[in-house]
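The values are calculated or read from the model by the stated rules, or taken from the named source; none is laboratory data. From a predicted model like this one, the values you see are computed outputs, not experimental measurements. We place every Cβ from the backbone using ideal geometry, glycine too, and count neighbours over all the protein chains shown.
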Amino acid sequence: MLSSRWEGFGNVIVEAMAVGTPVVATDCPSGPAEILEGGKWGLLTPVGDDQALAAAILATFREGSKGHEELQNRVKIFTLGNIVEKYLEVINIG
């Protein structure tokens, strides 16, 4: 669970997904929605809405989440090799 009001990049989200742990996060600027693809890979709740956050946590316990392997495959886009490749593309070296 990540209950931030703002976040540069939610490393804890990627780390949780890498070991197949379901994720619930607040939809704060700027990392969680991007990492979770708008809620495809975990539940997003409005910032400051403790009731929605609690409901999402309970729903995750009841219903589970994407399979461990699916979560682990998603985080592969955040590996060092992939990120370096993207930076090189942006600066026109790759």
Do we have Ile77 as of a type in the set (A, V, I, L, M) and at pLDDT below 90 here?
no
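Is it fair to say Gly20 is in a loop (DSSP other than H, G, I, E, B), modelled with pLDDT of 95 or more and on the phi > 0 side of the Ramachandran plot? Explain how you work it out, then say what you get.
Working: in a loop (DSSP other than H, G, I, E, B): yes; modelled with pLDDT of 95 or more: no; on the phi > 0 side of the Ramachandran plot: yes.
Against the criterion (in a loop (DSSP other than H, G, I, E, B), modelled with pLDDT of 95 or more and on the phi > 0 side of the Ramachandran plot), Gly20 does not qualify.
Regarding segment 52-69, can at least one residue be identified that is closer than 13 Å to Ser3 by Cβ, surrounded by 13 or more Cβ atoms within 10 Å (Cβ to Cβ) and in contact with a Pro (Cβ under 7 Å, 6 or more places away or on another chain)? Quick ask: steps written out before the conclusion?
Filtering segment 52-69 for residues closer than 13 Å to Ser3 by Cβ gives 52-54, 56-57.
Filter again for surrounded by 13 or more Cβ atoms within 10 Å (Cβ to Cβ), leaving 52-53, 56-57.
So of that shortlist, the ones also in contact with a Pro (Cβ under 7 Å, 6 or more places away or on another chain) come out as 52.
There is at least one residue in segment 52-69 that is closer than 13 Å to Ser3 by Cβ, surrounded by 13 or more Cβ atoms within 10 Å (Cβ to Cβ) and in contact with a Pro (Cβ under 7 Å, 6 or more places away or on another chain).
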Candidate set from segment 1-59 (those that are touching a residue at least 24 places away in the same chain (Cβ under 8 Å) and touching a Phe, Trp or Tyr at 6+ places or on another chain (Cβ under 6 Å)); member that is farthest from Lys76 (Cα to Cα)
Cys28
